[in-house]
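Comments concern the structure below.
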Amino acid sequence: MNIFKRNEVATTGQKPQVSRQRWFFTIFFSLVFLLTLACDNLGTLNLGTKKTFNGYEIYYTSAVTEKEADKLGAWLIANEWADGERKTAQLTKTGKTYEFRMVVKKGIEQDQEIIDQFKLVAYHLREVFDGQAVDIHLCDERLNTLRVVLSPY
């Protein structure tokens, strides 16, 4: 079915207003659909169990215990990382190595000074986890790893 009336186009030289409205609604509802789909995908991320420490959201997986998550949360508060501002991280473990996966601003993972500071943080986090290695994963907002800072010896 043609939405343009040939007679109207031929007599006025303009496309009828109906076509602009149709395009608007098509684009509008397509964007709404895509946004809904994106939001649904965010909700399907299984990050683990959530605990909040003074604004710092820590998700911990089944590979670690709640007590270990609490120890990390206490360290974050004591070292003023948990300062009331909303932040997100995940604590998990692969083998004997803990992984502290934290959301960072994109580009931070390229800054060597920041990487050196995170190496120092990884060293101090070993104390929290009884001397076990702690790798720090610098992640995007969906906790996809951008760069790993390996735990020093």
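The values are calculated or read from the model by the stated rules, or taken from the named source; none is laboratory data. From a predicted model like this one, the values you see are computed outputs, not experimental measurements. All Cβ positions, even for glycine, are placed from backbone atoms using ideal geometry, and neighbour counts span all protein chains on display.
Listed values, structure above:
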item	result
Residue tally, condition crowded, with 18+ Cβ neighbours inside 10 Å and without any contact (Cβ under 8 Å) to a residue 24 or more places away in the chain, over the range 63-92	3
Qualifying residue in the range 92-108 (condition: among the β-branched types (Val, Ile, Thr), in a helix (DSSP H, G or I) and either at pLDDT below 95 or under 22 Å from Thr52 (Cβ atoms) (or both))	yes
Condition met for Ala82 (of a type in the set (Gly, Ala, Ser), in a loop (DSSP other than H, G, I, E, B) and assigned by TED's automatic domain parsing to the domain that holds Glu127)	yes
Count - residues of the range 42-78 that are in a helix (DSSP H, G or I) and basic (Lys, Arg)	2
Evaluation of Glu127 against (1) touching an Asp or Glu at 6+ places or on another chain (Cβ under 7 Å); (2) closer than 17 Å to Ala69 by Cβ (one fails), failing number	(1)
Unique residue being buried (at least 18 other Cβ atoms within 10 Å of the Cβ) and either at negative phi or in contact with a Gly (Cβ under 6 Å, 6 or more places away or on another chain) (or both) when the list is Glu141, Glu99	Glu99
The range 136-153: number of residues that are touching a residue at least 24 places away in the same chain (Cβ under 8 Å), farther than 14 Å from Gln110 by Cα and assigned to a loop (DSSP other than H, G, I, E, B)	6
